[in-house]
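Please treat every number below as a calculation from the coordinates, not as lab data. From a predicted model like this one, the values you see are computed outputs, not experimental measurements. Quick reminder, even Gly has a Cβ in these numbers, built from the backbone with ideal geometry, and neighbours come from all protein chains shown.
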Amino acid sequence: MNTTACRTPRTFTNENAAGRRMSPLLDAHSHVVPAGLPSFDDIDSRLPRTVIDGESANVIIGERPFRTVSRVAWNLDARRVEMRGHGVDAAVLSPMPELFCYWSDAAVTRGYYESVNRWIAASVEEHPAVFRGLGIVPLQDPDLACEMLSMFAELGLVGVEVGSNVNGRSFADPLFRDFVDEAARLGLVVFVHAFHPPYAATHVAPTVDIAATYPPEIASYVLSLAARGTLARLPHARLFVSHGGGGAAWAIQRLEWLWNTDPQARDLMGISPRQTLSSLYFDSVVFGARGLRQLVDVVGADRVCAGSDYPFVREPADFSLVTDGSFTRDEIESMRHRSAGDLFRWHPPLQERGNT
């Protein structure tokens, strides 16, 4: 389990070398851990709870401590102050993926999901110039998940976060097609976050397991979308993919070769694999300039959004990647704020220095 306290963050300013203020920086991939939720022990004692202890809190799932988080995970006033130190003007907040609880009985735990969503909505409502929120749904019951999307507009949430697989079944499976279609009908973004894959982990430590398995897991989701031609049937879907889609921007070449050489494969896919990738949005959380450069070369900077995985990655190197010297000014502007602004239909202003 990861019980290491968060480290002091590095600073990324919103100034260029000449000291001039740059464009806004919108963090499209950051997480929260709701605190103060009602107890659900009478429903299912395994559901997550947050136990605050001063400046930190333990997230308990069942009887097992899962992770220790700092107060910026639940206190948005403290978060705004720390964001300014990172040079971040605004952020889209999504629940920590471990809160998905796809193992639970959806009919029984519906109230838990509603409680998480209401907490996020109420929290971002207090800081409308700085935050937008995503909710979660019980995808283990796709029909109930579709039904629950109707509350998102009422709450002011701009989208829904889902796992790349649901109890081992890829979110690219046709079982979830109606859900994606319903989200599109309601104007909601679907943020597909890499989630614990069904294949074996490294069994070294949770942080190492995630680093080793999340990239191929999210790449598998993206490549499955391309192989199935899913977006040919869902042209209005607004899908946002975590961790830069893993290695999908590189691995897509084999599917492209099939598209170009195998008529039967082309019929199955419906649209070219590269067109599928170019219809998605991706975050910049790839941890390396070469990987980000390749992603931009394949899908375009207008489909890549700055992201950090904050506060679980407390040194958001990917903010500095989006200003790497290999990118043009236009590409930098797209990744800093324009791509996410178009995706979430929200263009927050540049926050003045010292605003909290």
For the range 51-196, compute the orientation-averaged projected area of the C-alpha convex hull (one quarter of its surface), in nm². 9.2 nm²
Which of the peptides 272-280, 303-311 is most tightly packed, and how do the rest follow, judged by the mean count of other Cβ atoms within 10 Å per residue? 303-311, 272-280
Any idea what Rg and Dmax come out to for the range 132-238 if you just take the C-alpha atoms, in Å? 14.4, 43
Taking the highest mean first, how do the peptides 157-165, 324-332 order by number of other beta carbon atoms within 10 angstrom per residue? 157-165, 324-332
Can you give the Kirkwood hydrodynamic radius for the range 282-343, in Å, rounded to one decimal and based on Cα pairs? 11.2 Å
Could you work out the Rg to Rh ratio of the chain, with Rh taken as the Kirkwood radius (inverse of the mean 1/r over all Cα pairs)? 0.95
Taking the alpha-carbon centre of each part, the distance from the range 271-302 to the range 26-76 in Å is 32 Å
Give me the net charge for the shell around G111: Cβ to Cβ below 15 angstrom, other residues only, Lys and Arg +1, Asp and Glu -1. -3
Show me the ranking of peptides 241-252, 49-60 by mean Cβ neighbours inside 10 Å, starting with the highest. 241-252, 49-60
The equivalent-ellipsoid semi-axes of the range 178-326, taken as the square roots of five times the Cα gyration tensor eigenvalues and listed largest first in whole Å, are 25, 17, 17
Please report, to two decimal places, log10 I(q)/I(0) for the range 189-266 at q = 0.27 Å⁻¹ as given by the Debye formula with identical point scatterers on the Cα atoms and no solvent. -1.25
Got the relative contact order for the range 209-317 handy, in percent, Cα pairs under 8 Å and 6 or more residues apart? 28 percent
Once you keep just the Cα pairs under 8 angstrom separated by 6 or more residues, what percentage relative contact order results for the chain? 18 percent
In whole Å, what is the distance between the alpha-carbon centres of the range 153-191 and the range 96-123? 14 Å
Cα radius of gyration and Dmax for the range 245-356 (Å): 16.4, 59
